[in-house]
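This report refers to the structure that appears directly beneath it.
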């Protein structure tokens, strides 16, 4: 019937537009970080293992690193821990831990028990640095380049797929160039 | 009929208690008070229009989670530093993106979001107008009555 032609066409167009929108949404359910392509926030925080020295973002310039936001209260962080250890053993780039609103003693115990994948661990007791990084749920992982620019961010437990498909290919001289 | 009155009163009392408890809960989430009542009003307005990123359908003001408390603290500190509402919003957007604003800003990316309801309304009005005109033309022509 002719009188249904226009509404049906409009409906079909709407379906197509919405389907394309869903199909092409970059990462479903993940909020894109406005930090990507911008300098990583500066921080200077106490170190978990070395009370004499602070972990300072400026000191990390000149090489690529992964900033991994975690906490012993975070269940998902336990899920990604094995992957973090594998990443450490790949010697592709250093992992810096940002221990988010955590208890120092518990953090030490966690690392003794499960292994320490981090080169250094910055203690963010107040949560202020995590806010600067736009963290909204641990674990979150930021890939930061030698110029201190945030190149990539992953929300959720790091998986082997993310490591091999998103992180390694972005590194200079791809496939395991060390510093 | 007396029992019906009693039931009604019980319902009214229960409703009142529920509303009171809900209000108390809202206060319990955020006990922050700023020294200046005008600052306090701006603080309340801002925390109600910023999203809690962890429980995404709640505002900072309503959310009991830790992160919301951290972000409320930032709002309070920024206001005490004399920052404008727009500067506070920009501070939040720089870290969490447009998503943190319950009322997204007008930009090329959000243009459709803002314009679509107006466009839909205009389209609907045009369709209505055409139908009504078509029917009144039928009535004017005094042809067979239109079924309602």
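Please treat every number below as a calculation from the coordinates, not as lab data. Given the structure is predicted, the values throughout are model-derived calculations rather than measurements. Glycine gets a Cβ as well: all are built from the backbone with ideal geometry, and neighbour counts include every protein chain shown.
What angle do you read, to the nearest 10 degrees and between 0 and 90, between the alpha-carbon axis of helix B:85-96 and the longest principal axis of chain B?
Value to nearest ten degrees: 90.
With an 8 Å Cα cut-off and a minimum separation of 6 or more residues, compute the relative contact order for segment B:1-140 in percent. Walk me through the numbers before you get to the answer.
Working: 80 pairs, mean separation 21.5, N = 140.
Relative contact order for segment B:1-140 comes out at 15 percent.
Which peptide among A:159-165, B:4-10, A:64-70 comes first, and what is the full order, when sorted by highest mean count of other Cβ atoms within 10 Å? Could you put the intermediate results ahead of the total?
Details: A:159-165: 13.3, B:4-10: 9.4, A:64-70: 24.0.
My ranking of the peptides, most packed first, is A:64-70, A:159-165, B:4-10.
Take every residue in peptide A:130-141, count the Cβ atoms of other chains within 10 Å of its Cβ, and give the average of those counts.
That works out to 4 on average.
Quick one: among B:126, B:68, B:41, which has the greatest mean-square fluctuation in a GNM of chain B with alpha-carbon springs under 10 angstrom?
Evaluated over chain B, the most mobile residue of the options is B:126.
Pop a pseudo-label 7 angstrom from the Cα along the beta-carbon direction at both residue B:99 and residue A:25 and give the gap in nm to one decimal.
1.0 nm
Please compute the length gained on full extension between residue A:90 and residue A:49, using 0.36 nm multiplied by the number of residues separating them and subtracting their Cα-Cα distance. Don't skip to the answer; put the middle values down first.
Numbers: separation 41, 0.36 × 41 = 14.76 nm, distance 2.23 nm.
Length gained between residue A:90 and residue A:49: 12.5 nm.
Report the residue, chosen from A:169, A:46, A:117, that carries the largest GNM mean-square fluctuation when chain A is represented by alpha-carbon nodes joined by springs under 10 Å.
A:169
So what is log10(I(q)/I(0)) for segment B:32-105 at q = 0.13, 0.14 1/Å, when the Debye sum runs over its Cα atoms only?
Debye curve over Cα of segment B:32-105, log10 I(q)/I(0) at q = 0.13, 0.14 Å⁻¹: -0.31, -0.37.
Determine Rg/Rh for the protein assembly as shown; Rg is computed over alpha-carbon atoms and Rh is the Kirkwood hydrodynamic estimate from the same atoms. Show your work: numbers first, answer last.
On the way: Rg = 27.6 Å, Rh = 24.3 Å.
A ratio of 1.13.
How far is helix A:75-89 tilted off the main Cα axis of chain A, in degrees rounded to 10, range 0 to 90?
Result, in degrees: 70.
Tilt of helix A:104-114 relative to the longest C-alpha principal axis of chain A, in degrees (0 to 90, nearest 10)?
80 degrees
Please compute the contact order of segment A:38-178 in relative form: average sequence separation of alpha-carbon pairs under 8 Å and at least six residues apart, divided by the residue count, as a percent. Before the final figure, lay out each step's value.
Numbers: 255 pairs, mean separation 45.6, N = 141.
After rounding, I find 32 percent.
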